[in-house]
Amino acid sequence: MKLSCRASLIKPSATLAITAKTKKLKSEGKNVVGFGAGEPDFDTPDYIKKAVKDALDKGQTKYTPVSGIDELKTAIAEKFSADYGVKYENSEIIVSCGGKHSLYNLFSAMLNDGDEIIVPSPYWVSYTEIIKLSGGVPVIADTSKNGFKFNLEIFKNRITAKTRGVIINSPSNPTGVMMDEKDIIEVADFAKKQGIYIITDDIYEKIIFDGKKFFNVLIADKSMKEYTIAVNAVSKTYSMTGFRIGYTAGPRDLIAAMNNIQSQSTSNPTTFAQYGALAALKGGYEFTDMMRGEFQKRRDYMLDFFEKNVKSMAPVKPDGAFYLFVDISKVFGKLKNSNGETINSSSEYCDYLLDKYLVAAVPGVEFGNDNFIRLSFATGLDVIIKGLNRIKESAASI
Ligand code: PMP
Ligand code: GLU
């Protein structure tokens, strides 16, 4: 069938594809170690599940307002006020079907054909595709020569007359690296003067290690509210990936346009899931802190393992999130797959790792850097140890 030009431009999500492939191999009885999934491996807390069950029992099974129930928007506004010191009215907030859907509605409402969004690289796989789906142009800004930290100089180098916005995702998926506060302040100041919007994707804000503090453009400067679109979700903070609840706060006219788009596409996000999100936002961070502690232990174990055992690979130390971005470029040209072909790219290495060692990882090329692979440590330490030993074996000949 003849497909739309837009659909033909879009790649499927590699992170979701690899997660699905791992699940399938496991269901076939294969002893696969999955480093693909970008979702916490902890069960959703009981008090959140209970809130959903109560909502169902109370008949919360019908449409809600398109942009979400008022109680949830108020709880989101309270969160923004407590965390960033910035006040939002409910009309400046919209709840959507996951952070991904928030970004989709945002770019659909914001971009005209050819408008540019600066995307610091390496980037989460969906940014570029969602921008393209909206007719926009993702302009990649490589941060690899600056320790994976976006800054004013890199920003200025990518600005053109068509720049409408820039994405900040700190801690980042896939590196886990956080931008320096000084750089966030400088980027914010400059963006405000140029009338460029900052899209701050703060989905990993509560998963930060070593006692470091989260920082974004709103914390840096309250007057940035006018130029900021804050995207977030309950997915990672409370291990609620399947609930599909994300939210956006931004200029009222933009939120109204997103509301129109949502009203003609999904309507409201699932009613009882909204009640789960409400309980989550009101329930504090005891569970999140427990998860964060576990993620930090796993990160430390993995960094130590690579340093001691796999000298040919070099991980980037993550400040947060639950991903290890590992430089594997030293193995290129030195390994051969089962067909006798030499491995020269991140996808060839990931294919080799899965076929020969039953380890699933995401090739860095999907995040815009072919010298790396991404290992998610949102999986138990026993599984991590097994997988790391297989990776060690895969590179033993080097
Ligand atoms: N932003 C980033 C950086 C992510 O890694 C994810 C992961 N899924 C999302 C947004 C969207 O999350 P979700 O749609 O599951 O809420
Ligand atoms: N964001 C997660 C990841 O990068 C989940 C999958 C997805 O939505 O891309 O793996």
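Nothing in this text is a laboratory measurement; each read-out follows from the coordinates by a stated rule. Since we're looking at a predicted model, the values are computed, not measured. Note that each Cβ is placed from the backbone with ideal geometry, even for glycine, and that neighbours are counted across all protein chains shown.
Quick check on the chain: of the DSSP beta bridges with both residues there, what percent are antiparallel, nearest 5%? Could the numbers behind the result be given before it?
Values: 19 of 38 bridges.
Of those bridges, close to 50 percent are antiparallel.
List the pairs from 23/386; 11/162; 30/311 whose alpha-carbon separation is above 20 Å, in the order I gave them.
Numbers: 23/386 17 Å; 11/162 24 Å; 30/311 29 Å.
Where the Cα-Cα span goes over 20 Å, the pairs concerned are 11/162; 30/311.
Mind pulling the per residue volume of the convex hull built on the Cα atoms of the stretch 241-338? Å³ is fine.
On the way: hull volume 21.4 nm³, N = 98.
About 219 Å³ per residue, rounded to a whole number.
Please compute, for the alpha-carbon atoms of the chain, the extent along each of the three principal axes and give them in descending order in Å.
Per principal axis, max minus min of the Cα coordinates gives 60, 54, 53 Å.
What is the Cα convex hull volume of the stretch 144-244 when expressed per residue in Å³? Intermediate results must be reported in sequence, preceding the final value.
Values: hull volume 11.8 nm³, N = 101.
With only Cα atoms used, the stretch 144-244 gives 116 Å³ per residue.
Over the Cα atoms, compute the radius of gyration (one decimal) and Dmax (the largest Cα-Cα distance, rounded to a whole number) for the stretch 278-388, in Å.
16.1, 56
Relative contact order for the chain: what percent, with Cα pairs under 8 Å and sequence separation of 6 or more?
Relative CO of the chain lands at 23 percent.
Which pairs in the list 222/297; 330/392; 297/330 are over 25 Å apart, alpha-carbon to alpha-carbon?
Numbers: 222/297 35 Å; 330/392 14 Å; 297/330 27 Å.
Pairs exceeding 25 Å: 222/297; 297/330.
Pull up the cross-link candidates among the aspartates and glutamates for residue 236, meaning alpha carbon to alpha carbon under 18 Å and not fewer than 8 places away within one chain.
39, 41, 43, 46, 83, 201, 202, 205, 286, 289, 294, 319
Given 37 °C and 0.692 mPa s, compute D for the stretch 358-398 with the Stokes-Einstein relation, Rh being the Kirkwood radius over Cα pairs; round to the nearest whole µm²/s.
Taking Rh from Cα pairs, D becomes 292 µm²/s.
Using the 2.2 N^0.38 Å rule of thumb for compact globular proteins, work out how the stretch 18-144 stacks up: its C-alpha Rg over that value, please. Display every interim value, and only then the final one.
Working: Rg = 19.3 Å, N = 127, 2.2 N^0.38 = 13.9 Å.
Normalised Cα radius of gyration, the stretch 18-144: 1.39.
Checking the a/c ratio against 1.5 first, then a/b against b/c, what shape does the Cα gyration tensor give for the stretch 76-204?
Details: a/c = 1.42, a/b = 1.14, b/c = 1.24.
Because its axes are fairly even, with a/c under 1.5, the stretch 76-204 counts as rounded.
Once both axes come from the Cα atoms, what is the angle between helix 252-263 and the longest principal axis of the chain, in degrees from 0 to 90, rounded to 10?
It works out to around 70 degrees.
Taking H placed 1.01 Å from N in the peptide plane, check which residues at least 5 places from residue 199 or on another chain put their amide H under 5 Å from its amide H.
The list, which skips near neighbours in sequence, is 166, 167, 168, 229.
Using 7 Å Cα-to-Cβ label points, what is the residue 264/residue 190 separation (nm, one decimal)?
The modelled label-to-label distance comes out at 3.7 nm.
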